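> Below you will find the structure I want to go over with you.
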Amino acid sequence: MTLLDDLARAVLADLGDGEEPVVLSTRRGVLVVRTGAVVVKAHRAGTDETALRRRLAIAADPLLSEILLPPMEPLRRVRDRWVTVWPAGRPVDPAGSGEVPWADGARLLARLHAVPAEAFTNGAADGPVALAGPPPLAGGPARVARSVARMPSGDPAADQVRSAYAALPAWARGEPGIAPAGPRALTHGDWHLGQLIATPGSGWRLIDIDDLGVGDPVWDLARPAALYAAGVLPPPDWETFLGAYRAGGGCALPADGDPWWRLNVSAQSLAVQMAATCVVMAADDGRPLDENETALVRACERIAAMSKAL
């Protein structure tokens with residue numbers, strides 16, 4: 001029996017509508033399955049139960065009902081996995097004919113970042129799962145370190161990424177060090193367009209709570225900033241995203257002026273993280289890097305070169 005078989009027997013049989021389960025993702029030890037109007041996620045083995053329960057409680061709180069997609073069910077256990085259940089919806093299709101919702105995503109982030117970290121210190125307001133204890137820390141430097149650690153040895157592109165990683169400040173690598181002072185807010189922790197979903201009767205909502213928590217919200221802007229700096233994200237899309245975030249009162253950046261004094265280190269870190277992920281995926285698939293992946297590795301070359309020039 002596979003994990004998918006056990007999910008179908010233990011979870012999907014109760015919640016599904018009889019449709020055949022469709023596997024949406026199997027990346028990095030996570031299994032995501034859809035059947036009808038329900039999506040079931042088996043989190044990777046070793047996921048911290050306490051942190052996941054607290055993140056579920058935050059996502060379920062009515063305070064965030066127009067920002068985060070709420071879970072449908074309490075946390076479940078299948079085999080050695082914690083399992084969460086969510087409403088299905090329509091994801092972003094960057095290659096489709098419709099407008100890519102950069103502005104909507106930016107506005108959602110600005111609203112999320114406006115929620116003070118203290119709002120959940122003493123427990124969720126009305127959520128179905130009690131938030132026992134403080135909210136977890138958001139993803140950030142630790143994600144960068146994990147991505148770099150997964151790269152193969154003896155790969156020239158991986159060596160370029162490692163050089164850029166070594167050029168980052170210690171705190172940005174998850175090592176002891178003093179990070180620049182910045183706001184602390186509720187942050188998504190791993191934002192990109194794939195973290196937006198539209199459900200029937202509602203607008204866009206944020207999904208994927210695996211890195212949700214308290215941290216510096218500038219990390220939620222770092223991926224599009226890195227893609228723009230690497231030449232992958234077109235300037236009009238970046239300007240739309242940046243303008244909508246600022247217009248929404250997002251606290252990660254000053255309201256006007258040059259944003260890069262705040263964005264630079266986190267954007268460089270996300271360039272390293274994304275390039276590392278690209279190297280791993282290309283190696284797993286037995287193929288060369290594509291054009292956008294190569295652009296990210298070249299961005300890492302520039303990061304390392306600028307560090308040596310200082």
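The values are calculated or read from the model by the stated rules, or taken from the named source; none is laboratory data. These numbers come from a predicted model, not from an experiment. Note that each Cβ is placed from the backbone with ideal geometry, even for glycine, and that neighbours are counted across all protein chains shown. With ligands, DNA and RNA removed, areas are computed over all heavy atoms of the protein, side chains included. Shrake-Rupley method; radii C 1.70, N 1.55, O 1.52, S 1.80 Å.
> With all protein chains present, calculate the accessible area of Asp159 using a 1.4 Å probe and round the result to the nearest 10 Å².
We get 80 Å² for Asp159.
> By average Cβ neighbour count within 10 Å, what is the ranking of 231-237, 71-77 from highest down?
Highest mean packing first, the order is 71-77, 231-237.
> What does the helix-only formula give at 222 nm for the chain: each DSSP H stretch with n ≥ 4 adding -39500 (n - 2.57), the total divided by the residues, and the result rounded to the nearest 500 deg cm²/dmol?
-12000 deg cm²/dmol
> If you don't mind, another one. Within the set of other residues whose C-beta is less than 11 Å from the C-beta of Asp210, count the net charge using Lys and Arg as +1 and Asp and Glu as -1.
That sum, taken over residues with Cβ under 11 Å, equals +1.
> Continuing with this model, one more query. Restricting to the chain, what percent of DSSP beta bridges are antiparallel, rounded to 5?
The answer is about 95 percent antiparallel.
> Where does helix 260-285 land angle-wise versus the long Cα axis of the chain, in degrees 0 to 90, nearest 10?
70 degrees
> How would you rank 35-47, 55-67, highest first, on the average number of other Cβ atoms within 10 Å across their residues?
The densest-packed peptide leads the list: 55-67, 35-47.
> While we're on this one: At a probe size of 1.4 Å, how large is the accessible area of Glu19, to the nearest 10 Å²?
110 Å²
> Using only Cα atoms, tell me the angle between helix 156-167 and the longest principal axis of the chain; keep it within 0 to 90° and round to the nearest 10.
80 degrees
> Would you tell me the accessible area of Val92, worked out with a 1.4 angstrom probe on the heavy atoms of the protein chains, in Å² to the nearest 10?
20 Å²
> Taking K and R as +1 and D and E as -1, what net charge do the other residues with C-beta under 12 Å from the C-beta of Val265 add up to?
With Lys, Arg at +1 and Asp, Glu at -1, the net is +1.
> Against the longest principal axis of the chain, how steep is helix 102-113, in degrees 0 to 90 to the nearest 10, with axes from Cα atoms?
For 102-113 against the chain, the angle is about 80 degrees.
> Shape of the stretch 98-234 from its Cα gyration tensor (a ≥ b ≥ c, root eigenvalues): rounded if a/c is under 1.5, otherwise prolate when a/b > b/c, or oblate?
oblate
> Let me ask something else. What's the local net charge at Pro288, with K and R +1, D and E -1, over the other residues with C-beta under 15 Å away?
That works out to -4.
> Here are several values of Cα extents along the principal axes in Å: (1) 79, 46, 35; (2) 60, 45, 44; (3) 72, 50, 38. Which one was derived from the coordinates shown?
Only one listed value fits the structure, namely (2).
> Taking a ≥ b ≥ c as the square roots of the Cα gyration tensor eigenvalues, with a/c under 1.5 meaning rounded and otherwise prolate when a/b beats b/c, else oblate, which class fits the stretch 16-102?
Since a/c reaches 1.5 but b/c is at least a/b, the shape of the stretch 16-102 is classed as oblate.
> Charges at C-beta only: +1 for Lys and Arg, -1 for Asp and Glu. How large is the resulting dipole of the chain about its Cα centre, in Debye rounded to 20?
For this selection, approximately 660 debye.
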